[in-house]
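A.B. asks: Mind having a look at this structure? Questions to follow.
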Amino acid sequence: MAPGCVVIYFNPIQSDGEDVLPSWRKKVQEKIPGFQLRTKMVATDPSDIEANFYRYEDFIEVEDASKVTKDLIKDMCEESPLQHSDWHVYERISKDKRDDLVGDERPAGSQIVQVGSAPIDSPEHMEEYHTWYRTEHRPRLSKVQGWCIGTRWQFLFEHGDGKAPRRRILAQQQYEKENGLGGTQWKSSMQSEWSKRVISNVEMPSHRRTWEIVQ
């Protein structure tokens, strides 16, 4: 049994009538086996980039990724009241959090950085990616002001409109609203010679999105 997540990228139907999102979210929560936590987000990156088509995301963590089936995701996607959506399912690779945090805190206003990566699919390159992340990249990110939680996820399957780019691995970092993103410490996590080599040994470029947690 491995923990997992269901990432729902979506744009809601524009309507002057009833807000259908609360009832839809309740139905999703009831149908997903092993539902643990939902984090609701709105995009903070530019909307005029095709790859940033979706402006909303629900990030749902589950107890056991193997119990989230393709048929279940297909049915929920096709029954949803959303204008457009993509549903990506992942299995968790790793999770790290700041020592002083109690539980999985997701306060509104927190900033989320998600990076999809596609290292060359060979034992040598995959081992180097995981070693780099575990021993250099994540430890350096954890020293950025406001860093809270870091997770990585292995892609399993998807369903939807195909408008959300996806990669083999999704890394997610959570920061406090006031943080050191873009600062010297953050840059050190990306600009080492090892980082440059890992980032270049890929099947396709990484895809980065930024979000803000909302209630």
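A.B. asks: Nearest 10 degrees, 0 to 90: what angle lies between the long axis of helix 70-79 and the longest principal axis of the chain (Cα atoms)?
C.D. replies: 50 degrees
A.B. asks: Related question: Filter the trypsin sites (Lys or Arg not before Pro) in the stretch 89-160 down to the DSSP loop ones having no more than 15 other Cβ atoms within 10 Å, then list what survives.
C.D. replies: Working: sites: ARG92, LYS95, LYS97, ARG98, ARG134, ARG140, LYS143, ARG152; in loops: ARG98, LYS143.
Of the trypsin sites (Lys or Arg not before Pro), the ones in loops of the stretch 89-160 whose Cβ has at most 15 other Cβ atoms within 10 Å are ARG98, LYS143.
A.B. asks: Round to the nearest 10 and give me the degree value, 0 to 90, for the angle of helix 21-31's Cα axis relative to the longest principal axis of the chain.
C.D. replies: 80 degrees
A.B. asks: If you take the C-alpha gyration tensor of the stretch 90-159, multiply each eigenvalue by 5 and take the square root, what semi-axes do you get, largest first, in whole Å?
C.D. replies: Values: eigenvalues 116, 53, 21 Å².
Taking √(5λ) for each eigenvalue gives 24, 16, 10 Å, largest first.
A.B. asks: If you place +1 on the Cβ of every Lys and Arg and -1 on the Cβ of every Asp and Glu, how big does the dipole about the Cα centre of the stretch 4-214 come out, in debye to the nearest 20? Working shown, then result.
C.D. replies: Numbers: 30 positive and 35 negative charges, 106 e Å.
Here the stretch 4-214 has a charge dipole of around 500 debye.
A.B. asks: Ok, one more. Have a look at ARG197, ARG138, ARG106 and tell me which one the Gaussian network model of the chain (Cα, springs below 10 Å) gives the largest fluctuation.
C.D. replies: Sorting by GNM fluctuation, first place goes to ARG197.
A.B. asks: Continuing with this model, one more query. Using only the Cα atoms of the stretch 4-214, construct the convex hull and provide its projected area averaged over every direction, in square nanometres to one decimal.
C.D. replies: Values: hull surface 48.8 nm².
Projected over every direction and averaged, the Cα hull of the stretch 4-214 covers 12.2 nm².
A.B. asks: Rounded to whole Hz and in sequence order, give me ³J(HN,Hα) for the stretch 47-58 from the Karplus expression 6.51 cos²θ - 1.76 cosθ + 1.60, θ = phi - 60°, writing x for Gly and Pro.
C.D. replies: 8, 8, 9, 4, 5, 9, 3, 7, 10, 10, 8, 10
A.B. asks: Which value in deg cm²/dmol, rounded to the nearest 500, describes the helix-derived mean residue ellipticity at 222 nm for the chain, given -39,500 (n - 2.57) per DSSP H run of n ≥ 4 and division by the residue count? List each step's numbers first, then the result.
C.D. replies: Numbers: 6 runs with 48 residues, N = 215.
Computed ellipticity for the chain at 222 nm equals -6000 deg cm²/dmol.
A.B. asks: Mind checking the dipole of the stretch 1-108: about its Cα centre, +1 per Lys or Arg Cβ, -1 per Asp or Glu Cβ, Debye to the nearest 20? Let's see the in-between values first.
C.D. replies: Working: 15 positive and 23 negative charges, 57 e Å.
In total the dipole reaches around 280 debye.
A.B. asks: While we're looking at this one, here's another question. Between helix 123-132 and the chain, what is the angle of the helix's C-alpha long axis to the longest principal axis, kept within 0 to 90° and rounded to the nearest 10?
C.D. replies: 80 degrees
A.B. asks: ARG38: net charge of surrounding residues, Cβ under 10 Å, Lys/Arg +1, Asp/Glu -1, itself excluded? Please report the intermediate quantities before stating the final value.
C.D. replies: On the way: positive: ARG25, LYS40, ARG106; negative: ASP58, GLU61.
Here the charged neighbours net out to +1.
A.B. asks: Moving to a separate point now. Can you pick out the pairs among LYS31/LYS177; LYS67/LYS163; LYS31/LYS70; LYS31/LYS67; LYS27/LYS97; LYS31/LYS95 whose Cα atoms lie more than 22 Å from each other?
C.D. replies: The answer is LYS31/LYS177; LYS67/LYS163; LYS27/LYS97; LYS31/LYS95.
A.B. asks: Among ILE49, ILE199, ILE32, which one moves the most in a GNM of the chain with springs linking Cα atoms closer than 10 Å?
C.D. replies: Largest GNM mean-square fluctuation: ILE49.
A.B. asks: Mean-square fluctuation check for the chain, GNM, Cα pairs under 10 Å: which of PRO107, PRO139, PRO123 is largest?
C.D. replies: Highest fluctuation among the options: PRO123.
Throughout, read-outs are computed from the coordinates displayed, never taken from laboratory work. Source: prediction; values computed, not measured. Every residue, glycine as well, gets a Cβ built from its backbone with ideal geometry; the counts of neighbours run over all protein chains shown.
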